[in-house]
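Q: The structure under discussion is supplied below as structure tokens; questions concerning it will follow.
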Amino acid sequence: MDMMSTFEAQVLADLSVMKSQMASLLGDGQPGRLSLLEERVERHELSVQRVKGFAGAFGLLFTLLQLVVEWLRPR
């Protein structure tokens, strides 16, 4: 008779769980958690770049405003 030992049964059960977790992580026909996380990171990086752009534009505008005020100030 060819009976499976408890160790072999445990290994097969663990492999089944691992396969299920990998499918959830990488996706099984649908985007997995990893690709969803990558998309979130990309959106976050874009929003950080947008904030940097607004900060640079605000700094430039503030500098120009300060130059105009200094130029118009009576001496």
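Q: Given the rule -39500 (n - 2.57) for each run of at least 4 DSSP H residues, summed and divided by the residues of the chain, what is its mean residue ellipticity at 222 nm, to the nearest 500 deg cm²/dmol?
A: Value at 222 nm, helices only, nearest 500: -29500 deg cm²/dmol.
Q: Can I ask one more? Taking Rg and Dmax of the Cα atoms in Å straight from the coordinates, which label in (i) 29.4, 106; (ii) 12.2, 41; (iii) 14.9, 42 is the correct one?
A: From the options (i) 29.4, 106; (ii) 12.2, 41; (iii) 14.9, 42, the structure gives (i).
Q: Which cross-chain or sequence-distant (5 or more) residues have an amide H under 5 Å from the amide H of Gly27, H modelled 1.01 Å from N in plane?
A: Gly32, Arg33
Q: With θ set to phi - 60°, apply the Karplus curve 6.51 cos²θ - 1.76 cosθ + 1.60 along the stretch 14-19 and write out the HN-Hα couplings as whole Hz, x wherever there is a Gly or Pro.
A: 3J(HN,Hα) across the stretch 14-19, in whole Hz: 5, 5, 5, 5, 5, 4.
Q: Roughly what angle does helix 33-72 make with the longest principal axis of the chain, taking Cα atoms, 0 to 90 degrees, to the nearest 10?
A: Approximately 10 degrees, to the nearest 10.
Q: Would you be so kind as to identify which of Leu61, Leu15, Val48 lies farthest towards the positive end of the dipole of the chain, taking Lys and Arg as +1 and Asp and Glu as -1 on Cβ and the Cα centre as origin?
A: In the chain, that residue is Leu61.
Q: Compute the length gained on full extension between Glu38 and Met4: take 0.36 nm times their separation in residues and subtract their Cα-Cα distance, giving the result in nm to one decimal.
A: Value of the extension gain: 8.1 nm.
Taken together, the values in this text are just the output of simple stated rules run on the coordinates, not laboratory data. As the structure is a computational prediction, the values presented were derived from the model and not from experiment. Methodologically, a virtual Cβ is constructed for each residue, glycine included, from the backbone with ideal geometry; neighbour enumeration extends over all protein chains shown.
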